[in-house]
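The values are calculated or read from the model by the stated rules, or taken from the named source; none is laboratory data. It should be emphasised that the depicted structure is a prediction, and the values quoted were computed from it without experimental measurement. Quick reminder, even Gly has a Cβ in these numbers, built from the backbone with ideal geometry, and neighbours come from all protein chains shown. What goes into the accessible areas is simple: the full protein's heavy atoms, side chains included, and nothing from ligands, DNA or RNA. Shrake-Rupley method; radii C 1.70, N 1.55, O 1.52, S 1.80 Å.
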Amino acid sequence: MWLSDACSDYNSPPRIMMDLDDAEPSSPLPWIGVQETNELARVFAETSDVHEREELFCRKIRQCSVIFDFTDPLSDIQYKEIKKNALQEMLDFLTNNRNVLTEAVYAEMFAMVAANLFRTLPPSTNPIGAEFDPEEDEPTLEASWPHLQLVYQLFLRFLEAGDFQPNLAKKYLDHLFISKLLDLFDSEDPRERDLLKTILHRIYGKFLMLRAFIRKQINHAFYRFIYETGRYNGVGELLEILGSIINGFALPLKEEHKTFLSKVLLPLHKVQSLSVFHPCLAYCVVQFLEKDSTLTQQVVKGLLKFWPRTDSTKEIMFLNELEEILDVIEPAEFQKIMIPLFQQLGRCISCSHFQVAERALFYWNNDYIHTLMRDNAQIILPIIFPSLYRNSKRHWNKTIHGLIYNALKLFMEMNQKLFDDCFKQYKITESMKKEKKKERVAAWTKIHRKASCNPAFAQLAKDFGLDVGLSTEDWIYCGSDNDLSGSWDDGEQGDSNERGRKEKDTVSGVTEAFKQNLRLEEQKNPRRSDRPLIRRKSELPHDETTARMIEDHRKAEHDLDTNLALGQASHHHPKSTSSHTENSITSNDLT
């Protein structure tokens, strides 16, 4: 028996050459026999000779390198059970014995792992872009998991063995093996990804020369996920590994690690399936900030850049992550980001989705954030006060009213004078908005009056059933400016949508009326084809030289027309040709 260079190519299972005399005639796989298997199990349990144990252990590893088809549950049932028992025996043997990992075992073990694990994954059951919900959707489980689970556990026990020697294993654990292992993270079976996560973490810890390559390959997997495919099943598991890796980074951070933060971790917030791995992503981001607080401004601005506009669920996740960042932020770094931060919090408080507004107002229950607000109240309160005060009366949810009153009370206790100044400034701003609205109404009223002076206005209003006696505001369409919403009095906002629709219908009706009137005028007074068109001439500045040149040009055109007319007349009356020619010459001479 011998193994033919199984570790040179992981794309195909290893070729196993054995004597066919040991096999049973009825075996579909000639090298596996029931009697041989039972004998191996008995001798494996009883023998104490080291070399014999090593030989038996290698034979059992080779025995487990064959792959069975699990798509047909009734095929090779007996031999599937034989392989399962062999894997379990080797797992128990590695657990209960020491100093069993010889150089020959390393080659056989890596060949068996490659033969069983490295395979083409089935196509995804979820379409591209479809978000997997772990609470409702059932994951697609691997059919061959009874064997794969034992292979993963055996390989993990092999890596964790006390007598495991990385110097012997690095011959087989190369870049190709790592790449194939990382490809398996796209498996849809969460059980497989969980064991892969543990195995890759052990490899990263034991093989220092492979750490940079592993990080690089993880980056490439994330780049494909963010910028190309949009789907990858192992994002959460890889982020869990990176969380512990980031925790062990040495200071100062390398540029490679900072680039990973800006090019990978922050853009991961914009993907559609963020909810699947967001806790792990937030943990990695916070780990970076705990290592280097100067990255806070970059991280917060990145979150605000990718802030969701229409997805309230993602917005709540962003608010959760932002609070975790504020829990570890330095006061000096907070001052750099507090203005854009509280501008965004003001928009969240004004959100009609009550969970978003509620989550933003929970920031006032955080003692550390409350301390940061108190120390910078002179800048924060003028930014956030309009949103708080406006929504304290107009938000539809009663719970939001209570949370807003609590936030306003805290600000009032911080600085009563500043609170009063912000309230006065708010009233002045609202008055200015009302004055601006009045000016717009007055301007449109003037336009309406001029339009009503048109003689066709009354007839058009009558023909199309428009009420001429409508008030000025009913005729005017002032648009849907969001800034004006804050200048409405209480009770006026409820009628805004109905009034807006009425104004739009009125204006569009008048426009159609004028168009219809033009069509009626054309029908009553059709344009005659023989009537010359009157073209408006341009107004030129008075200049004597220009006027003289224009006059000369007109004379030349007149003479040309005269000559053409005389030529046609002479063609019909040859006798009078000479006289006309003389007249023409005389006329030219006179000219």
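What to note about this one:
- Scanning the range 224-252 for residues that are surrounded by fewer than 19 Cβ atoms within 10 Å (Cβ to Cβ) and polar (S, T, N, Q) returns THR229, SER244, ASN247.
- Which listed residue, of LYS216, LYS263, LYS270, is open to solvent by 70 Å² or more (accessible area, probe 1.4 Å) and either touching a Ser or Thr at 6+ places or on another chain (Cβ under 8 Å) or within 26 Å of ASP174 (Cβ to Cβ) (or both): LYS216
- Pair list, Cβ under 9 Å, 6 or more apart: the range 380-402 residue open to solvent by less than 10 Å² (accessible area, probe 1.4 Å) and in a helix (DSSP H, G or I), other residue of a type in the set (Phe, Trp, Tyr) and at pLDDT 95 or above: ILE380/PHE342; ILE384/PHE342
- The range 323-371: number of residues that are assigned to a loop (DSSP other than H, G, I, E, B) and either of a type in the set (S, T, N, Q) or open to solvent by less than 10 Å² (accessible area, probe 1.4 Å) (or both): 4
- Tabulated pairs, the range 63-85, first free of Cβ contacts under 8 Å to residues at least 24 places away in the same chain, second open to solvent by 60 Å² or more (accessible area, probe 1.4 Å), C-beta under 7 angstrom, 6+ apart or interchain: SER75/ASP69
- If only residues of the range 435-462 that are in contact with a Leu (Cβ under 9 Å, 6 or more places away or on another chain) and either within 30 Å of ILE380 (Cα to Cα) or assigned to a helix (DSSP H, G or I) (or both) are counted, the one that is most open to solvent (accessible area, probe 1.4 Å) is LYS436.
- Among the conditions (1) touching a helix residue (DSSP H, G or I) at 6+ places or on another chain (Cβ under 6 Å); (2) in a helix (DSSP H, G or I), the only one that TYR232 does not satisfy is (2).
- Residues in the range 265-287 that are under 18 Å from the mean Cα position of the chain (by Cα), closer than 15 Å to GLU237 by Cβ and not small (Gly, Ala, Ser): LEU268, VAL276, PHE277, HIS278, PRO279, CYS280, LEU281.
- Hey, ILE178 open to solvent by less than 30 Å² (accessible area, probe 1.4 Å), assigned to a helix (DSSP H, G or I) and closer than 22 Å to ALA104 by Cβ or not: no
The rows are residues; the columns are (1) at pLDDT below 95; (2) farther than 18 Å from CYS58 by Cβ; (3) surrounded by 13 or more Cβ atoms within 10 Å (Cβ to Cβ).
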site: ALA107; (1), (2), (3): yes, no, yes
site: ARG119; (1), (2), (3): yes, yes, yes
site: THR125; (1), (2), (3): yes, yes, no
site: ASP133; (1), (2), (3): yes, yes, no
site: GLU138; (1), (2), (3): yes, yes, no
site: ALA143; (1), (2), (3): yes, yes, yes
site: GLY162; (1), (2), (3): yes, yes, no
site: LYS171; (1), (2), (3): yes, no, no
site: ASP174; (1), (2), (3): yes, yes, yes
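- Residue match in the range 173-189 (condition: small (Gly, Ala, Ser) and under 19 Å from SER124 (Cβ atoms)): yes
- Condition met for GLU255 (within 16 Å of the chain's Cα centre (by Cα), acidic (Asp, Glu) and exposed (fewer than 14 other Cβ atoms within 10 Å of the Cβ)): no
- If the condition is being open to solvent by less than 80 Å² (accessible area, probe 1.4 Å) and either hydroxyl-bearing (Ser, Thr, Tyr) or more than 28 Å from ASN365 (Cα to Cα) (or both), then the range 403-433 contributes TYR426, THR429, GLU430, SER431, LYS433.
- Here ALA377 does not fit the description of being among the small types (Gly, Ala, Ser) and exposed (fewer than 14 other Cβ atoms within 10 Å of the Cβ).
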